[in-house]
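Take a look at the structure below.
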């Protein structure tokens, strides 16, 4: 996942000045021997993983943290994390410089203030593993791509060829989704509205709002629940 799609930056002065201010504030509190707790969030395969963390120090432009072991695995996989603290009005996005899962320690840099767009979603959107073949249908045409993530009201598709869908009134998307109850693949075809396109070159990432019927929404919900169980189980196995 391109984690920059999860947020939009909220630069206060400049990137460098904001980062310096963030690190100076953490350093000041840590030097004063204050026990400073922060919370971290990672969207691990789309599932929010949130645990508290403790500031260990600030050195050479890096923020060192003691973190939960599951968070350490998520950070090592995603190469980013989102920080929240009462010290600042905005969340902070950070890149990962170093991770030690066994010692549950991380070093972060490139810190900047952000607005977390993923929090605005009405439902958790989970990655499919593996991605599913999906077809966009409009005006008698069809475009085949890969369904990358899904929720009850939105999906993300990746397609190789650009298609101008901004002014298309009727779009439908069809794909096969596993039904955990019936233990089989089920065909879903849903009306969709284009939300946005990410990318200046192939492959393009198409974001859609979908309007499933009730039985389709129930199937997507069942799949999402099963997928959450799989993601959590996989995360625990990586820790063990």
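The angle between the Cα long axis of helix 69-78 and the main principal axis of the chain comes to about 60°, on a 0 to 90 degree scale. For the chain, find the longest principal axis of its Cα atoms and tell me its angle to the long axis of helix 214-239, 0 to 90°, nearest 10. Approximately 40 degrees, to the nearest ten.
For region 60-148, relative contact order (Cα pairs under 8 Å, six or more residues apart, normalised by length) works out to 23 percent.
Quick one: go through region 139-170 and flag any residue whose amide nitrogen is under 19 Å from the point 7 Å out along the Cα-to-Cβ line of residue 225. Label zone hits: 150-154. Counting only alpha carbon atoms, the long axis of helix 15-31 and the longest principal axis of the chain meet at about 50°. Once you've got the GNM for the chain with C-alpha springs shorter than 10 Å, pick whichever of 117, 63, 47 has the biggest mean-square fluctuation. Highest fluctuation of the listed residues: 117. Summarising the label geometry, the points placed 7 Å from Cα in the beta-carbon direction at residue 139 and residue 21 lie 4.7 nm from one another. Note on residue 200/residue 35: beta-carbon distance plugged into 1/(1 + (r/R0)^6) with R0 of 35 Å gives a FRET efficiency of 0.15.
Taking only the C-alpha atoms of region 3-120, Rg followed by Dmax gives 13.1, 38 Å.
Cβ-Cβ distance of residue 110 and residue 8, R₀ of 22 Å, FRET efficiency by 1/(1 + (r/R0)^6): the value works out to about 0.90. Our estimate of slack between residue 97 and residue 189, defined as 0.36 nm per intervening residue step minus the Cα-Cα distance, is 28.8 nm.
Give me D for the chain in µm² s⁻¹, whole number, from Stokes-Einstein with Rh from the Kirkwood sum over alpha-carbon pairs, 10 °C and 1.306 mPa s. My calculation gives 81 µm²/s for D.
Over region 126-236, the alpha carbon radius of gyration divided by the compact-protein estimate 2.2 N^0.38 Å works out to 1.07.
Every number here is computed from the coordinates shown, using simple stated rules; none is lab data. Note that the coordinates shown come from a computational prediction; the quantities given were computed from them, not determined experimentally. Don't worry about glycine lacking a Cβ; one is built from the backbone with ideal geometry, like all the others, and counts go over all protein chains shown.
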